[in-house]
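K.L.:
Please see the structure below; I have some questions.
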């Protein structure tokens with residue numbers, strides 16, 4: 001006690017917290033680092049690799065070789081990189097497939113993979129082996145969605161995210177109880193039991209639930225109360241019933257494994273993206289100011305259901321390219337469907353600012369005539385004619401126009417486009 005009283009304040013506190021042995025360990029490790037360099041742990045190697053991955057996004061993905069040359073595109077690409085890092089951290093650093101929990105996949109401030117302002121998406125990683133082969137049980141409650149679905153995706157690795165569909169179920173196949181609750185068994189084989197069944201095999205890496213709403217006012221993605229209610233009502237239970245309580249402390253190997261998954265996830269959605277236009281689905285037009293003929297994502301010609309699309313949805317998309325004195329007029333007819341909307345994205349498949357601007361329109365927000373026909377301008381300036389709907393381009397020279405038609409029951413007309421001088 002007397003010796004501690006003679007020590008400088010910081011050292012005295014260190015001795016009090018860690019004991020003499022703990023302080024001596026620090027002294028020893030500090031000396032070793034000076035002579036031999038930093039201790040090489042698995043997590044440190046993976047952490048530095050993650051930083052290298054972020055640098056690679058800048059050096060490779062945001063380069064002239066990828067068509068990225070303007071200051072604006074470079075800056076927005078850096079934003080994408082950190083959005084991917086944020087999403088990757090939530091799902092691959094903090095989630096555990098043995099105890100999965102559905103969390104929002106994209107938000108107004110974390111965007112990727114063609115997010116939709118009229119929808120709430122939830123994601124969780126799954127792994128059949130984490131359930132001792134028993135699978136999972138999903139319970140939830142219908143919240144008045146225009147369209148709701150559950151999709152199980154497979155990928156070549158857990159961080160591959162969603163490369164192909166294994167099984168899918170929409171609201172029409174869910175066995176809702178009188179209180180609008182439901183149960184879905186996610187197992188390898190249907191052995192009977194409560195609720196509905198979806199096949200989950202060894203290839204499945206994740207689950208995505210979609211919740212579409214056609215609100216006439218504010219985009220549903222801005223409704224934090226509803227988003228929290230859905231998240232709290234949709235629960236995934238491991239049928240294998242792991243009885244061990246998580247330690248809360250990740251060891252060196254496990255932390256390294258999770259950091260590597262985050263790196264892999266970032267690469268998969270940046271430097272690893274296939275940007276070959278010849279591999280794009282037929283409904284995506286690469287002719288400026290032309291929207292491709294909408295088609296169901298599950299069409300055989302669409303590369304065997306690869307990617308994160310949904311089999312129930314017909315998509316149509318294309319690029320707009322405008323000068324400040326031009327507008328792109330889009331006309332057509334909304335088909336018979338459960339849900340329809342159009343969204344503006346940047347080149348990195350992120351929606352434009354729907355918090356402060358009108359950058360998306362669903363059917364209830366459109367001025368449709370008695371036949372269901374629309375007339376929309378994409379431009380920097382709002383049209384003076386109140387009968388014309390407006391999508392705010394934010395003054396951008398270029399971007400992506402993306403249509404969704406959910407569960408269409410008839411033919412879908414290709415949207416017509418023409419340049420209008422302002």
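The values are calculated or read from the model by the stated rules, or taken from the named source; none is laboratory data. Just so you know, these numbers come straight off a predicted model, no measurement behind them. Because the Cβ atoms are built from the backbone with ideal geometry, glycine has one as well, and the counts that use them run over all protein chains shown.
K.L.:
Among the residues of the range 131-179, how many are touching a residue at least 40 places away in the same chain (Cβ under 8 Å), part of a strand (DSSP E or B) and closer than 18 Å to residue 311 by Cα? Break it down into steps so the answer makes sense when it comes.
P.N.:
Filtering the range 131-179 for residues touching a residue at least 40 places away in the same chain (Cβ under 8 Å) gives 131-155, 157-165, 168, 170.
Retained after the next criterion (residues that are part of a strand (DSSP E or B)): 136-141, 147-154, 164-165, 168, 170.
Still in the list and also closer than 18 Å to residue 311 by Cα: 147-154, 164-165, 168, 170.
Total satisfying the criteria: 12.
K.L.:
A further question follows. How about the range 145-159: which of its residues are closer than 14 Å to residue 202 by Cβ, crowded, with 17+ Cβ neighbours inside 10 Å and touching a helix residue (DSSP H, G or I) at 6+ places or on another chain (Cβ under 7 Å)?
P.N.:
158
K.L.:
Next up: So which of 233, 289, 305 is on the phi > 0 side of the Ramachandran plot and modelled with pLDDT of 95 or more?
P.N.:
Numbers: 233 fails: on the phi > 0 side of the Ramachandran plot; 305 fails: modelled with pLDDT of 95 or more.
The unique qualifying residue is 289.
K.L.:
If only one of 5, 32 is modelled with pLDDT under 70, under 30 Å from residue 257 (Cβ atoms) and assigned to a helix (DSSP H, G or I), which one is it? Steps first, please.
P.N.:
Details: 5 fails: under 30 Å from residue 257 (Cβ atoms).
Exactly one residue qualifies, and that residue is 32.
Residue-wise test of (1) under 30 Å from residue 78 (Cβ atoms); (2) under 29 Å from the mean Cα position of the chain (by Cα).
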| position | (1), (2) |
| --- | --- |
| 339 | no, yes |
| 363 | no, yes |
| 380 | yes, yes |
| 383 | no, no |
| 386 | no, no |
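K.L.:
Could you please find all residues in the range 124-144 being buried (at least 22 other Cβ atoms within 10 Å of the Cβ) and out of contact with any helix residue (DSSP H, G or I) (no Cβ under 6 Å at 6 or more places or on another chain)? Before the answer, list the steps.
P.N.:
Start the filter on the range 124-144 by keeping residues that are buried (at least 22 other Cβ atoms within 10 Å of the Cβ), which leaves 124, 126, 131, 135-136, 138, 140.
Of everything in the range 124-144, those that are buried (at least 22 other Cβ atoms within 10 Å of the Cβ) and out of contact with any helix residue (DSSP H, G or I) (no Cβ under 6 Å at 6 or more places or on another chain) turn out to be 124, 126, 131, 135, 136, 138.
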